[in-house]
Each structure stands twice: as C-alpha cells, then as structure tokens.
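Working notes, beginning with the structure itself.
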Amino acid sequence: MDWLSPQEWSAVALSLRVSFWATLFSLPLAIFVAHVLARREFLGKQLLNGIVHLPLILPPVVTGYLLLLTFGTRGPIGGLLEQVGIVFAFRWEGAALAAGIMAFPLMVRAIRLSIEAVDPKLEQASATLGASRFWVFATVTLPLILPGVIAGAILAFAKAMGEFGATITFVSNIPGQTQTLPTAIYAFLQVPGAENSAIRLVVISIVIAMSALILSEVIAKRLALRVAGR
Amino acid sequence: MTLSVTLRHSFPDFELDVSFQAPAGVTVLFGGSGSGKTTIVNAVAGLLRPQSGRVCIDDWELFDTAQNRWLPPHRRRLGYVFQEGRLFPHLTVSQNLAYGRWFAPKNAKRENRGRIVEMLGIGPILKRYPATLSGGEKQRVAIGRALLADPKLILADEPLAALDDTRKAEILPYFERLRDEVSVPILYVSHSASEVARLATTVVALQDGRVSGHGPAAEILGDPMITPLGARAAGAMLEATVFAHHADGLSELDAGGARLLVPRIQHDLGKKIRVRIAAQDVILSRNAPKGLSALNVLPGTIAMIRAGDGPGAIISIDTQAGRLLARITQRSVAALGLTNGAQCHAIIKTVAVAPEGLGADFSAGAGTQPDQAY
C-alpha cells in the first residue's frame, strides 16, 4: 500500500476495526432493545425509548464528554473497569465504544421497524405449536427480520466509520492509536500541504460508504426474497 | 378425553360467560359473529387470559383462577388450525410440518408423519414454500402441522371461512377423518349451519357470549329454541342409510324406517350418511297431499311451535325419520289450526345430503350446494 502513508493507512485500518467491533457488540443489544420496544408494554417504555435515542439528538461532543466522565479512568464505571484491566479512555476500544453508542439509535430504529412488520399472528401460531418466547423469537421473528437486521447493522457500521465528535472528545486524536478516518482528515486539514492526504482519505471514505450501502441493499433484497419463500 | 371449559370475562362492550364440555370428536362452537366463539378458543389456547374460569383436559388443568394456575400457550400441547393457515413463510412445507414436532416432548407418541402426509395429500408439495400454495393446500398443511405437534387438543377457528366452496369441499373430509380417527377432542368454531350438520358430534350454540344450547348435534340442530343464526339458518339433521340406487338417477335413503329420495349420491348401499333439511325447505299439510311434485312426504306430530318476531314461525315435527323443522308463516299456522300434538305431513322440497366419510362425491351437494329433489 505505497499510495497511502503509514499514518493514512493506520487511520483507515483503525476505523475499520473500530466500526467492526462497535457493530458486533451493539447488534445483540440493539435486537433485544428493539424487540422490547416493538412487542412489550411496560412502565417507562417512553423513557427507554428516549435514552436509546439520546445520542441521535445530543451534540456528539456532549455524548463524548459524558463518556469521558463515566468511562474515563477517574469516572465511576471507568475506575471499576480499570481494576480488571479494561481501559476505554484514549484507547481504540474507547473509539469503538463511542462509535457503538452513536450508531445504536439508528440500528434500533431499523430493527424495530422490521419487527413491527412481522405479523404477531405468526408468533402466536408458533407459541401454540409449543415454542417458548425464546424459541418463537429464534425460529420465527429473527429469520423474518433478518433483512432489517442486516440493513440496521450496515447503517450502524457506516455511522461508526464517520463518527467524529464523540470520538475526538472521548479518545482524542492520537495518530496510530485513536486516530480514525474522520479525525485523520481533520488533522490533515490543519496541517499546511497535507491536502493530498486528506483527499485520499475522503475518497476512501466515499468508497467504503458506497460499498456498504450497495452491499446492504443486495443482501437485504436476497434475504427478503428467501424470507418470503420464493 | 374430555375438555371442560368454564370462562368469564368482561370486555368493555361484551360479556362472556360460558361453561361446557367437549368430549372426544368434534365439538362445534356455533354462533353468529360477536357471539364469543373466537374469544373462547383463544382463551382455551392461552392466547387470551380470562378474568376467571377453569379449562382442563380430563384432570390436566390448563387454567384455573381458583388455584391461580395459568399455563402459557406453548405448554398446552395444542394443535391450532387458524382461519388464515398462518404457515411460516420462511419455511418449506416440510419444515412447517416438522415445526410442532420439534417442540413436542421427547416421550410424546409420535404420529406417523408419512401417514399424515399421505392422508392430507401433501406429498408432492413438501419442498415448496407457503407463498406458492393455493388456499386449500395451505389449510391442509396447517392441519398436518397441528396434528404432528402431537396435540392433546385440536382447535380450529373457522378453518374453512377463507376458502371458496370448492376448497371447502376439499378440506371438510379431512376434518371428518380427524373426528373419526383421532381420540383427542376437537374444538371447531363455525358460523355455517351446513358445516355444523356435517362435522359436529356435539354442538355448543352461542349467543351474545352465553351458551344457548349444548348437546348432540341432531338434538341441538332440531331445536327451534336454539337457532344461533336466526330462523333463516334453522334446519334439522337426520341420520340415514343408503338404501337403494334407482335407474332414474335418484337414490333412496332409509331414515329410521322412513324413505327419502335424493338425487343420485356416490355412496355404497348401507353407508351411513347425514342429511340436513333446512327449515325453509319444509312445508306442512294437515292432509296427506295428493298431486304434488314433491317426492318426500313424512307424516308426524307437532312437538313445538315457536313464533318469531316477524311473520314466520318455526315448527318442530317428530317424524319416523327424526325431528324435522319447518319454517312457515304464522298466518299458515292459524289457517291450518296447527297446535302442539296435532298430526300433519311434512313435505320436503329439498334434501341437502351431507355425506360422511371419504370418497364422497361433492357434486352430490355436501351441504354447500343443496340438491333439489322435487
């Protein structure tokens, strides 16, 4: 990869790694939360809904700062985690945490919509045939929402790739350690004569984003056909 | 095995308060829309939790408010055939069939899958997906899926309502076979008098959330006080044996010694069948009629007269063949001087034959298209 400088290359690689782990870890939780929001009635449902959507409406800097307060080494959760050797602040893991939280509402929304599109009568039929709640979900709901889950995951991945504000606030912009694609572009733009580096990363961002979008369309379409049984 | 049901539940605009027993065979919950049929089935299935009541199969309690016991649907060992089939669209027919069996207890009696596939005639479509099936095919798969779950109780909520007459005629025999071959109770919701006449062992007639009549099919259908769908749908059900086939295209039935002529039916001599005679197809005469085109005249005694809200009245007549219902005007009741215990002749315009068992030829009627036998 000689057309990319080591710093550019490490920013791309780090962004891919951060987005991958952010998506992977938030996916199960997002499916669970989406299912709860779509199918259950309980006290405080609106509150949960609000908390899930908070990162979407708060300024990302605020989210990043809140993360720093709670997950920083002197924060209540960060302090506890440090004792078992897990540190988020100013590490790439922290960038993954920030990206995951910022992408979470998008993922939940996509999955919740697809769960609401599943006919509850099919889930009832499954229950009368002996499936417990878990098995109803695993054998009927999950297969039927798979296109929505894929779409939500890819949307979240793309969002994680582009996360800037919360990331730079929480883990700063350390080349080779916490510098992701967008923060690298920002850094290059601050340095006179580094526009070419910035432009190369911009092109790479566009390519990754477009490929993700096309890939998700193709997969979702195929799955939708299979789910409809054709 | 017997299913016992006692339920009470208040909805904002509807009160359900029922109690009945369903022995082996088909128990039809019979009533118009809004009578509470589906609510009862869903409560038995556990899809709805009633305010109070008790549901048990023999001494196995599915639900009992007195003991605060409520089994969730998946632990009730059901086979529920829904009106719309509700096959899983992402699974093949074969996988749909396997679905219930997968969750059945490991020590459950294994219904022979091959036998059920053959009985329902779904062998050729096992690899297909539900989206490519016809309505009748879907319903047959749904029946198979319910049976293969090795249920302790089969529920069917108007399983034929979404089908046209041809498809209905295609599915009905399978329920007849279930009734005759399966030992578990079958709770079957219907608002169709002809389905009731054809399938029911026991009838629970429902009106406005209450049981208006409960008993063997012939008894309930022959009782003018219990007409869940109003006088227009009233009719009697007779048991008959195929007695002779005549060269002029008619078949002769023996009903308790009385003879009935119907258009040729494709049953062997000696075969027992059910005959439904709608009340509006029966006219009454005080004297033995002469010079009439009607072939079937049964002498009898009037057992009950029930005047309706309109100009009509329903008359029950005990004949040699069984109890018949006739729907005539109140003016005719007065003109003929009909009273309880009076002798009269029932003249039957139309006999709708509801053939039982398999190999029935549906061109002969099946109750959905009554034959004309003048």
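Dividing the helix sum by the residues of the protein assembly as shown, where each DSSP H run of 4 or more adds -39500 (n - 2.57), gives a mean residue ellipticity at 222 nm of -13500 deg cm²/dmol. Note on A:Leu16 and A:Arg133: the extension gain reaches 38.6 nm, defined as 0.36 nm multiplied by sequence separation minus the Cα-Cα distance. Between B:Ser316, B:Leu48, B:Val297, the Cα set farthest toward the positive side of the dipole of chain B (charges on each charged residue's Cβ, about the Cα centre) is that of B:Leu48.
Normalised by residue count, the protein assembly as shown yields a Cα convex hull volume of 210 Å³ per residue. Taking all protein chains together and rolling a 1.4 Å probe, B:Lys152 ends up with roughly 70 Å² accessible. For peptide B:92-98, the mean count of partner chain Cβ atoms within 10 Å of a residue's Cβ comes to 1. Ordered from longest to shortest, the equivalent ellipsoid semi-axes for the range B:3-221 are 28, 20, 16 Å, each the square root of 5 times a Cα gyration tensor eigenvalue.
Note on A:53-66: average number of Cβ atoms from other chains within 10 Å of each residue's Cβ is 0. Of all lysines in the structure, the ones whose alpha carbon falls short of 30 Å from that of B:Lys127, not counting any fewer than 8 places away in one chain, are A:Lys121, A:Lys221, B:Lys106, B:Lys109, B:Lys138, B:Lys152, B:Lys168.
Shape summary: the range B:134-245 maps onto an equivalent ellipsoid whose semi-axes, from the alpha-carbon gyration tensor, are 24, 18, 15 Å in decreasing order. Note on B:Lys271: aspartates and glutamates with a C-alpha under 18 Å away, same-chain residues under 8 apart excluded, are B:Glu176, B:Asp180, B:Glu181, B:Glu239, B:Glu252, B:Asp254, B:Glu356, B:Asp361. Per-residue 3J(HN,Hα) values for the range B:167-178, derived from phi via the Karplus relation 6.51 cos²θ - 1.76 cosθ + 1.60 with θ = phi - 60°, read 5, 4, 4, 6, 8, 3, x, 5, 5, 4, 5, 4 Hz in sequence order (x marks Gly and Pro). Estimated at the nearest 10 Å², the accessible area of B:Cys56 is 0 Å² with a 1.4 Å probe. So for the range B:236-355, Kirkwood radius off the Cα pairs, Stokes-Einstein at 10 °C and 1.306 mPa s: how many µm² s⁻¹? Result for D is 108 µm²/s. Among A:Glu82, A:Glu41, A:Glu195, the largest mean-square fluctuation in a Gaussian network model of chain A (Cα springs under 10 Å) belongs to A:Glu41.
In this structure chain A gives 52 Å² per residue of accessible area when probed at 1.4 Å with all protein chains present. Taking all protein chains together, B:Trp70, B:Trp102 sort by accessible area into B:Trp102, B:Trp70, largest first [probe 1.4 Å]. The Cα atoms of chain B give a gyration tensor whose axes a ≥ b ≥ c have a/c of 1.5 or more with a/b no greater than b/c, which makes the shape oblate. For the peptide B:170-177, the mean number of other protein chain Cβ atoms found within 10 angstrom of a residue's Cβ is 0. For the chain pair B and A, buried accessible area totals roughly 1900 Å², probe 1.4 Å, rounded to the nearest 100. Leaving out ligands, DNA and RNA, what percent of the accessible area of chain B is carbon and sulfur, probe 1.4 Å? Roughly 49 percent of what the probe reaches on chain B is carbon or sulfur.
This model, with +1 at the C-beta of Lys and Arg and -1 at the C-beta of Asp and Glu, gives the protein assembly as shown a dipole about its Cα centre of some 400 debye.
For the Cα atoms of chain B, what angle does the longest principal axis make with the long axis of helix B:135-148, in degrees from 0 to 90, nearest 10? Here the helix axis deviates by roughly 60 degrees. Under a no-solvent Debye model with one identical scatterer per Cα of the range A:6-228, what's log10 I(q)/I(0) at q = 0.10, 0.11 Å⁻¹? Taken in order of the listed q values, log10 I(q)/I(0) reads -0.52, -0.62.
Mind jotting down the distance between the C-alpha centroids of the range B:22-100 and the range B:161-193, whole Å? That distance is 16 Å.
Entry comment: accessible area of the range B:126-196 is 30 Å² per residue, from protein heavy atoms only and a probe of 1.4 Å. The slack between A:Val203 and A:Tyr186, meaning 0.36 nm per residue of separation minus the straight C-alpha distance, is 4.7 nm. Where both bridge residues fall in the range B:3-221, DSSP classifies roughly 60% of the beta bridges as antiparallel. Rounded to the nearest 10 degrees, the angle from helix B:93-103 to the longest Cα principal axis of chain B is 70 degrees. Relative to the longest principal axis of the C-alpha atoms of chain A, give the angle of the C-alpha long axis of helix A:195-227, reported between 0 and 90° and rounded to the nearest 10°. The angle comes out near 10 degrees. In the range A:202-229, the residues that give up 50 Å² or more of accessible area when the other protein chains are added, compared with the chain on its own (1.4 Å probe), are A:Gly229. The convex hull drawn around the Cα atoms of the range A:74-202, when projected onto a plane and averaged over every direction, covers 11.2 nm². Answer rounded, prolate or oblate for the range A:1-123, using the Cα gyration tensor with square roots of eigenvalues a ≥ b ≥ c: rounded when a/c is under 1.5, else prolate when a/b is larger than b/c, else oblate. It is oblate, given that a/c is not under 1.5 and a/b is not larger than b/c. Annotation for B:Leu126 and B:Asp318: the two label points, set 7 Å from Cα along the Cα-Cβ direction, are 5.6 nm apart. Between A:Ser172 and B:Ser10, the modelled label-to-label distance comes to 6.8 nm, taking each label 7 Å out from Cα in the direction of the beta carbon. Of B:Arg76, B:Arg49, B:Arg276, the residue with the largest accessible area leads and the full order is B:Arg49, B:Arg276, B:Arg76 (1.4 Å probe). Assuming charge only on the beta carbon of Lys and Arg (+1) and of Asp and Glu (-1), the dipole of chain A about its Cα centre is about 660 debye to the nearest 20. Taking the chain by itself as reference, the range A:103-137 contains these residues with an accessible-area loss of 30 Å² or more in the full protein complex (1.4 Å probe, heavy atoms): A:Lys121, A:Leu122, A:Gln124, A:Ala125, A:Ala127, A:Thr128, A:Leu129, A:Gly130, A:Trp135.
Taking the Cα centre of the range B:3-221 as reference, the dipole from Cβ charges on Lys and Arg (+1) and Asp and Glu (-1) amounts to some 1000 debye.
The values are calculated or read from the model by the stated rules, or taken from the named source; none is laboratory data. Quantities reported herein were computed from a predicted structural model and do not represent experimental measurements. When we count neighbours, we look across all protein chains shown, and the Cβ atoms used for this are built from the backbone with ideal geometry, even at glycine. Areas reflect the complete protein model, heavy atoms only, side chains present, ligands, DNA and RNA absent. Shrake-Rupley method; radii C 1.70, N 1.55, O 1.52, S 1.80 Å.
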